[in-house]
2 protein chains.
Amino acid sequence: MTEIPGKAAGDTRSRILDAAERLFMEHGFDGTSMRMITSQAGVNLAAVNYHFGTKELLIQEVFRRRLTDLNRSRLAALEVLELEAAGASIKPSRIVDAFFGTALRMAADVEGGGHTFMRLLGRTYTEPNEFVRQFLAEEYAECVERFLAALYRALPEVDRKEILWRFHFMMGAMSYAIAGTDALQLVTGKFDDENPSQLAPRLMSFLLGGLRAPLAGFGGLK
Amino acid sequence: MTEIPGKAAGDTRSRILDAAERLFMEHGFDGTSMRMITSQAGVNLAAVNYHFGTKELLIQEVFRRRLTDLNRSRLAALEVLELEAAGASIKPSRIVDAFFGTALRMAADVEGGGHTFMRLLGRTYTEPNEFVRQFLAEEYAECVERFLAALYRALPEVDRKEILWRFHFMMGAMSYAIAGTDALQLVTGKFDDENPSQLAPRLMSFLLGGLRAPLAGFGGLK
DNA sequence: AATTCATTAAAACGTTTGTTTAAATCATAC
DNA sequence: GTATGATTTAAACAAACGTTTTAATGAATT
């Protein structure tokens, strides 16, 4: 049971997960081979299959490792808000912060790997791979449901379908802001020199502006 | 030079491009094999290499075929606005519509393939593949530069860096809204039954709300 | 009718893929 | 110290990959 420095028990597992996380983020799932992962992790090729079974199960574990904590933190933040409100209505901005702000704070953790993971997660929302989509949906189901319900209560005068759309839009803006920093920086001449510390307040303000925007369908469109 | 119905000259090229477009959208670039493309297109395996050279050049052609028109339309819409204004300032909402509205109108064209392409394009913004990112950046450079300049002129009192960020956020919200409809629909119980006709006005209203949101940094943060 | 050039067809190329096998090595318990 | 179970290692597997090659087919020109 003694932890040996340099090569502790379970060290191989962690090394694989860390290497896979970074490589999946950089090259995608199909673009990352088992050999890339194991050589980056400094372990034998067969180690992935030994510890995780298959590549798909490794992908699943890469997500579960962090996603469980993320959504637990989100729900904990929401519960704090609900307790504080004590039955009264909660400001939508607080709810948005509990969901998106929590993710942004994780994305700000560069050293611990949270930044890498959030970039990977952002890309995965639009991942073609059916298996990954299915897994993500299940992992998110409860958390999203709870937050949507909270928003419905906080905005009782707004059609629920509209809230759903706006939640969708906010997810997109955040995912892309975290994951797609490479995309436009070539066009615009790199502007992430101060990333990601300045991202959070800017994005939050944008999201709340979008959430509060007048509903479509006033100018004749419907 | 006579066009023969049923199997016209260049028909093979188009069949390949159409099949590749759909398959890339569904399975990604690495997840789509040459054999998947050629069998879906009903042509011989060697046809892709004969007509396009390599898989990478095929990918490039899939994008160029539609992207050139899209950005041409965007720039044309912007020029109309600038001519109408005749030197006076242009409303930011008009500029946003010229850029994002044009894309959304293309995405609404389901039969002509514009919908498929825009979903592919949205996914590609966060594409890990270095080669694809580089190509997209070059293809977008001029158009983005022109629109950013227009927004700078329309909002002279706003720090240009802030405008750049918000443009970035808007790109994310749109890309995700078009490309990622599968992602959350599993969670939320599918809501694209009326897609994509209702998407455009809702998204435009959200984007404008975000663009007009008060800048971050009031509450002590900077 | 013969020739020419573009296109299509079938088969094979060498690599790389994820996974498995079987032997070697390790730490721990008896 | 010997046995045991977990882990690591090296080697090999069939399958799938993008691409190339060589021959057959097509239509238009001379």
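The values are calculated or read from the model by the stated rules, or taken from the named source; none is laboratory data. It should be emphasised that the depicted structure is a prediction, and the values quoted were computed from it without experimental measurement. FYI the Cβ positions are ideal-geometry reconstructions off the backbone, even for glycines, and counts take in every protein chain you see. Surface areas here come from the heavy atoms of the whole protein model, side chains and all, with no ligands, DNA or RNA. Shrake-Rupley method; radii C 1.70, N 1.55, O 1.52, S 1.80 Å.
Going 7 Å from the Cα of A:F131 in the Cα-to-Cβ direction, what parts of segment A:51-81 have a backbone nitrogen less than 12 Å from that spot?
Residues passing the 12 Å test: A:53-61.
Note down the net charge around B:Q60, summing +1 for each Lys or Arg and -1 for each Asp or Glu among other residues with Cβ under 15 Å from its Cβ.
Working: positive: B:R13, B:K55, B:R64, B:R65, B:R66, B:R133; negative: B:E21, B:E56, B:E61, B:E127, B:E130, B:E138, B:E139.
Spelling it out: positives minus negatives among the neighbours equals -1.
Run the dipole for segment A:63-212 about the Cα centre, Lys and Arg Cβ at +1, Asp and Glu Cβ at -1, nothing else charged, and hand back the magnitude in debye, nearest 20.
My answer is approximately 140 debye.
At a probe radius of 1.4 Å, what is the per-residue accessible area of A:Y152, in Å² to the nearest 10?
Taking all protein chains as shown, A:Y152 has close to 50 Å².
Between B:D159 and B:E26, what is the spin-label point distance in nm, taking each point 7 Å from the Cα along the Cα→C-beta axis?
About 4.7 nm separates the two model spin labels.
Calculate the translational D of chain A in whole µm² s⁻¹ from Stokes-Einstein, where the hydrodynamic radius comes from the Kirkwood formula applied to all Cα pairs, the temperature is 20 °C and the viscosity 1.002 mPa s.
111 µm²/s
Can you compute log10 of I(q)/I(0) for segment B:22-100 with the Debye formula, treating each Cα as one identical point scatterer, at q = 0.17, 0.20 Å⁻¹?
-0.72, -0.85
So if I average 1/r over every pair of distinct C-alpha atoms in segment A:7-53 and take the inverse, what Kirkwood radius in Å does that give?
10.5 Å
Quick check for me: using +1 on Lys/Arg Cβ and -1 on Asp/Glu Cβ, what's the dipole size of segment B:17-81 about its Cα centre, in debye to the nearest 20?
60 debye
Would you list A:F131, A:F63 from the most to the least accessible area, probe 1.4 Å?
Final ranking, largest accessible area leading: A:F131, A:F63.
Where the label is 7 Å out from Cα toward Cβ, how close does B:Y50 come to the same position in every other copy, in nm, shortest first?
Shortest to longest, the spacings are 4.9 nm.
Got the A:R64 label distances to the other copies yet, label 7 Å along Cα→Cβ, in nm, shortest first?
Inter-copy label distances (nm, one decimal, shortest first): 4.6.
Pick from B:D109, B:D30, B:D97: which is most flexible by mean-square fluctuation in a GNM of chain B where alpha carbon atoms under 10 Å apart are linked?
B:D30
Go through segment A:78-85 residue by residue and turn each phi into a ³J(HN,Hα) via Karplus (6.51, -1.76, 1.60, θ = phi - 60°); whole Hz please, and just put x for glycine and proline.
5, 5, 4, 4, 5, 5, 4, 5
Show me, for segment B:163-169, the HN-Hα J-couplings you get by feeding each phi into the Karplus relation (A = 6.51, B = -1.76, C = 1.60, θ = phi - 60°), rounded to Hz, glycine and proline as x.
Per-residue couplings from phi come out as 5, 4, 4, 5, 4, 4, 4 Hz.
Please give me the summed charge of the neighbours of B:G209: other residues whose Cβ is under 13 Å from its Cβ, Lys and Arg +1, Asp and Glu -1.
Once all neighbours under 13 Å are counted, the net charge is +4.
Per-residue HN-Hα couplings for segment B:135-146, Karplus 6.51 cos²θ - 1.76 cosθ + 1.60 at θ = phi - 60°, whole Hz, x for Gly and Pro?
With coefficients 6.51, -1.76 and 1.60, one gets 5, 4, 4, 5, 5, 9, 3, 4, 4, 4, 4, 5 Hz.
Averaged over all directions, how much area does the convex hull of the C-alpha atoms of the protein assembly as shown cover when projected, in nm²?
26.4 nm²
Positive end of the charge dipole of chain B (Lys, Arg +1 and Asp, Glu -1 on Cβ, about the Cα centre): tell me which of B:V62, B:G87, B:P214 has its Cα farthest that way.
It is B:P214, whose Cα lies furthest towards the positive end.
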